[in-house]
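Undergrad: Mind having a look at this structure? Questions to follow.
The values are calculated or read from the model by the stated rules, or taken from the named source; none is laboratory data. Predicted, not measured: the structure shown is a model, and the values here were computed from it. Here Cβ is always computed from backbone atoms with ideal geometry, including for glycine, and neighbour counts include all displayed protein chains. In case anyone asks, the SASA skips ligands and DNA or RNA and just uses the protein heavy atoms, side chains included. Shrake-Rupley method; radii C 1.70, N 1.55, O 1.52, S 1.80 Å.
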Amino acid sequence: MADSDEQGRNAADIFTEMMRIQGDAARQMLSAFAPGVADALPNDAVLDQWGKSARQLQHMWLNFHEPRDAPEMVAPLFADPSQWMVLLQGIYQQMPLLNPQRQQRLWEEGVALWEDILGQFSAQAQDDAELVTEPTLPRKDRRFADAAWRQQPVFALIHQTYLLLAERIRESIDEVEGIAPQEREQLRFATSNVLDAMSPANFPLMNPVVLERTLETQGENLVKGMERAAADLERGQLTHTDVGAFRLGENIACTPGKVILETELYQLIQYSPATDQVLATPLVIFPPWINRFYILDLNPKKSFVKWAVDQGLTVFMVSWRSADESLAHVTWDDYIRAQMSVIDTVCERLKVPAVHTVGYCVAGTTLAATLAVLARRGEADKVASATFLTAQVDFERAGELRVFIDDKQLDFIRQASKGGYLDGRYMAATFNMLRGADLIWNYVVNHYLLGEDYSAFDLLYWNGDVTNLPALWHESYLRDLYRDNLLVVPDALSADGTPIDLTRVATPAYIQAGREDHISPPDSVFRMTTQLGGPIRFVLAGSGHIAGVVNPPAAQKYQYWIGPEKAASLADFVAGATEHPGSWWTDWIGWIDSLDGTRVKANGKRAPGGKGDRVIEDAPGRYVATR
């Protein structure tokens with residue numbers, strides 16, 4: 001019995017040590033993704049220089065929220081598996097949330113895991129009659145899907161130990177006592193990012209797939225990776241796709257049209273008609289200014305703009321200008337005034353009494369406020385309908401972005417907003433961190449460590465085409481809406497001198513939410529149905545914040561749900577909803593047509609740039625290309 005206890009303690013000691021070096025290595029990995037190599041491995045001078053440069057990227061990506069009491073980095077990034085095992089000391093011991101009883105249980109689980117895995121490999125080696133090609137492992141993760149992670153005991157032990165630790169640490173966060181819900185979410189977010197970085201898949205000499213590639217190429221994959229990482233550091237942003245494959249106006253954002261108006265804040269694009277007759281009421285789209293408008297005009301097969309034009313709509317699109325010092329004065333009032341001005345411009349240009357509107361994400365939030373202002377002023381009839389795509393007005397359950405909303409984060413944003421604007425790369429980093437395993441480390445492994453070529457993916461090109469944000473607007477948006485949730489309090493906010501009360505909005509509304517949206521969670525979006533005062537059609541679409549919106553009918557992907565009009569909650573809506581295959585776009589155009597199906601000839605100023613019609617330039621315009 002004594003021998004058994006001693007063996008258990010030895011195994012527990014080894015297991016504990018394994019945890020420490022992975023935690024230490026995670027901190028270095030956050031500072032230096034993949035030091036390049038001159039031959040097969042880099043020398044100390046190269047690594048030292050790389051570490052200094054990489055800390056710049058760490059500052060860009062991680063100073064929104066650093067984990068508390070994080071260990072300093074001491075382990076070499078290019079530690080081999082044996083060093084990794086010997087030096088690891090148990091990051092969980094540094095977390096106050098893990099009490100001695102939990103630590104003991106974790107040790108015991110680790111010992112049992114090791115005995116099970118080593119036992120399977122031992123049996124495999126001794127029993128040729130029943131040769132087992134791979135062990136049966138308790139935990140699966142797509143980061144370790146390659147068979148190389150299961151073919152040798154050391155790599156099986158490494159990744160299974162990591163998965164066990166990560167699972168238990170995540171579970172323990174829910175048991176922490178004495179912290180507010182906001183603090184718990186911040187702890188969960190910070191811990192998740194550290195655990196993602198801790199993955200042994202991110203370390204060249206602990207990833208068997210990277211080791212095989214390095215031997216095959218004699219280290220060329222890591223040399224190529226360092227060159228790419230250096231380029232990314234230079235521009236302060238991770239590359240996700242082959243950016244050279246796309247050209248604005250040629251193979252992306254290429255629906256024909258003209259820029260008909262330009263202000264300091266936006267350009268207004270009118271697209272050329274594709275049908276002889278068009279709906280009398282035109283459509284005005286307000287995209288979010290956090291990204292570029294062409295998410296709705298990626299290419300002819302995916303373009304909502306082209307599809308809407310093909311359905312017989314006269315479509316206008318606002319192209320917001322990326323902020324610089326000249327826009328430091330811009331506030332939320334300016335965006336609301338811009339929306340009202342665009343509505344007036346289109347009505348005057350086409351001699352129509354009203355327009356249909358679409359507001360996507362933050363522009364949808366602002367559109368709700370614009371409608372409230374128009375209603376208060378007695379001008380609500382200028383808008384025939386409002387479509388809200390993944391837009392929130394009640395931010396009580398606003399999802400994962402709330403982890404960035406407290407006094408500390410707001411103070412950081414003020415400091416980072418030099419020149420009166422926030423660099424768009426900070427927002428890109430924020431959204432990447434919400435899905436770090438997929439949007440950061442997956443690309444680090446594939447393109448820095450394995451040296452794989454980038455694919456040409458239009459959605460990822462758009463995702464990396466960042467826009468700067470006016471600092472005054474951004475701070476007030478986070479403070480007044482995300483933190484204080486004032487938009488749903490009647491008259492708590494005002495715009496252009498007019499108090500905002502959403503309950504005054506009687507405009508017919510089409511509200512779309514994405515079932516898997518983590519930026520604008522569907523439960524949060526659904527709450528808009530209880531705030532507006534007019535007729536509402538709520539649609540729950542399959543997928544998330546982007547793919548749930550950009551889902552052309554021809555793709556025959558996903559689904560959407562239509563439910564009871566008076567559902568009290570999202571759960572009630574889902575319980576009574578009917579699922580429909582494919583895209584919600586077809587339901588939406590039917591709804592638009594049902595409001596007023598009157599059609600007119602597509603002549604005169606319905607076709608921009610014709611005789612006597614002064615325009616500025618071809619779509620997509622120059623603002624979309626401004627960095």
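Undergrad: Of these, 515, 527, which one is open to solvent by 30 Å² or more (accessible area, probe 1.4 Å) and either touching a residue at least 60 places away in the same chain (Cβ under 8 Å) or in contact with a Phe, Trp or Tyr (Cβ under 7 Å, 6 or more places away or on another chain) (or both)? Quick ask: steps written out before the conclusion?
TA: Values: 515 fails: either touching a residue at least 60 places away in the same chain (Cβ under 8 Å) or in contact with a Phe, Trp or Tyr (Cβ under 7 Å, 6 or more places away or on another chain) (or both).
Only one candidate qualifies: 527.
Undergrad: Take the range 158-186 and flag every residue that is of a type in the set (A, V, I, L, M, F, W, C) and in contact (Cβ under 8 Å) with a residue 60 or more places away in the chain. Before you say what the answer is, go through the steps one by one.
TA: Looking only at the range 158-186, we keep the residues that are of a type in the set (A, V, I, L, M, F, W, C), and these are 158, 163-166, 169, 173, 176, 179-180.
Hits for the range 158-186 are 158, 165, 169, 173, 176.
Undergrad: Further question: Evaluate the following for residue 444: is it part of a loop (DSSP other than H, G, I, E, B), crowded, with 16+ Cβ neighbours inside 10 Å, of a type in the set (A, V, I, L, M, F, W, C) and not assigned by the TED database to the domain that holds residue 142? Please lay out each step first, then the result.
TA: Working: part of a loop (DSSP other than H, G, I, E, B): no; crowded, with 16+ Cβ neighbours inside 10 Å: yes; of a type in the set (A, V, I, L, M, F, W, C): yes; not assigned by the TED database to the domain that holds residue 142: yes.
No.
Undergrad: Sort through 565, 579 and tell me the only one that's surrounded by fewer than 18 Cβ atoms within 10 Å (Cβ to Cβ) and in a strand (DSSP E or B).
TA: Values: 565 fails: in a strand (DSSP E or B).
Checking each option against the conditions leaves just 579.
Undergrad: Residue 462 versus (1) hydrophobic (A, V, I, L, M, F, W, C); (2) in contact with a His (Cβ under 9 Å, 6 or more places away or on another chain); (3) surrounded by 18 or more Cβ atoms within 10 Å (Cβ to Cβ): which is the lone unmet condition?
TA: (2)
Undergrad: Let me ask something additional. Test residue 336 against the stated conditions and say whether it is aliphatic (A, V, I, L, M), free of Cβ contacts under 8 Å to residues at least 60 places away in the same chain and in the same structural domain as residue 551 (by the TED database).
TA: On the way: aliphatic (A, V, I, L, M): yes; free of Cβ contacts under 8 Å to residues at least 60 places away in the same chain: no; in the same structural domain as residue 551 (by the TED database): yes.
Spelling it out, it is not the case that residue 336 is aliphatic (A, V, I, L, M), free of Cβ contacts under 8 Å to residues at least 60 places away in the same chain and in the same structural domain as residue 551 (by the TED database).
Undergrad: Go through (1) more than 30 Å from the chain's Cα centre (by Cα); (2) modelled with pLDDT of 95 or more; (3) basic (Lys, Arg) one by one and return the number of the condition residue 566 breaks.
TA: (2)
Undergrad: Give me a count of the residues in the range 494-512 that are surrounded by 18 or more Cβ atoms within 10 Å (Cβ to Cβ) and either charged (D, E, K, R) or within 16 Å of residue 396 (Cβ to Cβ) (or both).
TA: 3
Undergrad: Quick check on this structure: which one of 196, 174 is acidic (Asp, Glu) and buried (at least 21 other Cβ atoms within 10 Å of the Cβ)?
TA: Values: 174 fails: buried (at least 21 other Cβ atoms within 10 Å of the Cβ).
The match here is 196.
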